[in-house]
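Only one structure is covered here, and it is reproduced in the block below.
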Amino acid sequence: MKKILIADDTAESIIIMKLLLRHFPVQILEAQDGNEAWEKIEKYQPDLSFLDIHMPYKDGLNILRDLKEQGNPMPVAITSSYREQFIIDSCINLGALSYLKKPFGLWELNRVLQVLGLSAKIY
């Protein structure tokens, strides 16, 4: 079973992601700040992480940058309410698999999870 990390400082965002992910055969890990996310990445080696761009202690961009510097190939999808193109470009340039603009739905999530060979029926 694939492990997915959801890192977001907003409890509602984590709940929504968990509801969307129930359509997929995955184990869900949660983190509510950047430090907790980094600890879970190191301890559990998730197959994919969804990182909020803005979190306390360490934001999603910093985590993505650190992963790249370490040569960690784990796919990362950045989640955010920010819609500015320069932020999206920064994430992609750092190696993000995807940039999901909140709110997003099952369709967008399905596209990201295809990298793990997972997909859900979307009606």
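The numbers here are math on the coordinates, done by the rules we state, and not lab data. Keep in mind it's a predicted model, so treat the numbers as computed, not measured. Don't worry about glycine lacking a Cβ; one is built from the backbone with ideal geometry, like all the others, and counts go over all protein chains shown.
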Too long for a 20 Å Cα-Cα cut-off, among Lys2/Lys43; Lys18/Lys40; Lys18/Lys68; Lys18/Lys58; Lys3/Lys43, are Lys18/Lys68; Lys18/Lys58
Only helices counted: for the chain, with every DSSP H run of 4 or more residues adding -39500 (n - 2.57) and the sum spread over all residues, [θ] at 222 nm is -12000 deg cm²/dmol
Relative contact order as a percentage, the range 2-116, C-alpha pairs under 8 Å and 6+ apart, gives 24
Sparse-neighbourhood loop hits (trypsin sites (Lys or Arg not before Pro), the range 1-35; DSSP loop; Cβ within 10 Å at most 16 others) -> Arg22
The answer for GluC sites (Glu not before Pro) in the range 58-123 that fall in a DSSP coil and have at most 12 neighbouring Cβ atoms within 10 Å is Glu84
Quick calc: nm separation of the 7 Å Cα→Cβ label points for Ile87 and Arg111 -> 1.8
Taking alpha-carbon centroids only, the range 86-100 lies from the range 4-81 a number of Å equal to 14
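Hey, fewest Cβ within 10 Å first, where do Asp89, Asp59, Asp9, Asp52 land in order?
Lowest count first: Asp89, Asp9, Asp59, Asp52.
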Checking Lys102, Lys43, Lys58 against a Gaussian network model of the chain (alpha-carbon springs below 10 Å), the top fluctuating residue turns out to be Lys43
The exposure ranking of Ser81, Ser98, fewest beta-carbon neighbours within 10 Å first, is Ser81, Ser98
